[in-house]
Amino acid sequence: MAPHLTSLHLGGQNGYITDDFVDQLAHGLRNLRQINVFDCERLTDRTLLSLATYCPKLEAADISKSPHFSSIGVVELVRNCTGLKYLDISRIAVTDHVLAVVGNTLRELETLIMAECPRITSEGIVSAIEGSDGLGCQFTLQRLSFSNCPHVEKSMVDWCKQRLRQDAIVVW
């Protein structure tokens, strides 16, 4: 394997990448900082569990548009990769519980993209930003996108802008 590899891009309408393949890769990539497995139709939460277990130094993860990822796998990834600064979970059926874990765990998060997540609500956004202790990722978040999320009210844009850094970008 390539133990010094820090970035890996496997995504993009990829029907060939499997959980077994990612698991074998992850075993040898303990220094991996960036992973892109977006739009990989054959990957499941098993891939996220492998990344969570073997790649705890991840700082950026684009896991969007992979139809078999769920809240279970995303929660494990977030809990084990606490240095994440970039997370794209767009078009994954995640719940507000994931956002609560994000708010309580990812204190260095700079970018959170969750476009077209039909199960998240305004309360989940609050949980991500404030965390259970009032800190969350509000001091580090520079870009927040929750576009096309039907259960998030437009008023959340103003609420977020009041709590995030002045230069933060909020997309609804």
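The values are calculated or read from the model by the stated rules, or taken from the named source; none is laboratory data. Computed from a predicted structure; not experimentally measured. Reconstructed Cβ throughout: ideal geometry from the backbone, glycine too, with neighbour counts over all protein chains shown. Please note that ligands, DNA and RNA were not included when accessible areas were found on the heavy atoms of the full protein model with its side chains. Shrake-Rupley method; radii C 1.70, N 1.55, O 1.52, S 1.80 Å.
So the values come out like this:
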| quantity | calculated |
| --- | --- |
| Inter-residue pairs, beta-carbon under 7 Å, first on the phi < 0 side of the Ramachandran plot and among the polar types (S, T, N, Q) and in the range 50-66, second outside any loop (DSSP other than H, G, I, E, B) and surrounded by fewer than 19 Cβ atoms within 10 Å (Cβ to Cβ), 6+ apart | Ser50/Asp23; Thr53/Asn80 |
| Subset of the range 89-117 [more than 19 Å from Phe139 (Cα to Cα), open to solvent by 10 Å² or more (accessible area, probe 1.4 Å) and of a type outside the set (Ser, Thr, Tyr)] | Arg91, Ala93, Asp96, His97, Ala115, Glu116 |
| Lys65 vs. criteria under 21 Å from Thr6 (Cα atoms) and open to solvent by 70 Å² or more (accessible area, probe 1.4 Å) | no |
| Residues of the range 112-153 classified as charged (D, E, K, R) and either over 19 Å from Lys65 (Cβ atoms) or at pLDDT below 95 (or both), total | 4 |
| Looking only at the range 20-35, and only at residues there that are of a type outside the set (Val, Ile, Thr) and in a helix (DSSP H, G or I), the one that is least open to solvent (accessible area, probe 1.4 Å) | Ala26 |
| Selection count where residues are in a helix (DSSP H, G or I) and acidic (Asp, Glu), scope the range 150-172 | 1 |
| Evaluation of Gly136 against (1) under 30 Å from Gly28 (Cα atoms); (2) open to solvent by less than 20 Å² (accessible area, probe 1.4 Å); (3) more than 13 Å from the chain's Cα centre (by Cα) (one fails), failing number | (1) |
| Hits in the range 71-84 - residues which are farther than 10 Å from Val101 by Cα and crowded, with 18+ Cβ neighbours inside 10 Å | Ser71, Gly73, Leu77, Asn80, Cys81, Leu84 |
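Matching residues to (1) within 12 Å of the chain's Cα centre (by Cα); (2) closer than 17 Å to Thr6 by Cβ:
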{"residue": "Tyr54", "(1), (2)": "no, yes"}
{"residue": "Lys57", "(1), (2)": "no, yes"}
{"residue": "Ala61", "(1), (2)": "yes, yes"}
{"residue": "Ser70", "(1), (2)": "yes, no"}
{"residue": "Ser90", "(1), (2)": "yes, no"}
{"residue": "His97", "(1), (2)": "no, no"}
{"residue": "Arg107", "(1), (2)": "no, no"}
{"residue": "Ala115", "(1), (2)": "yes, no"}
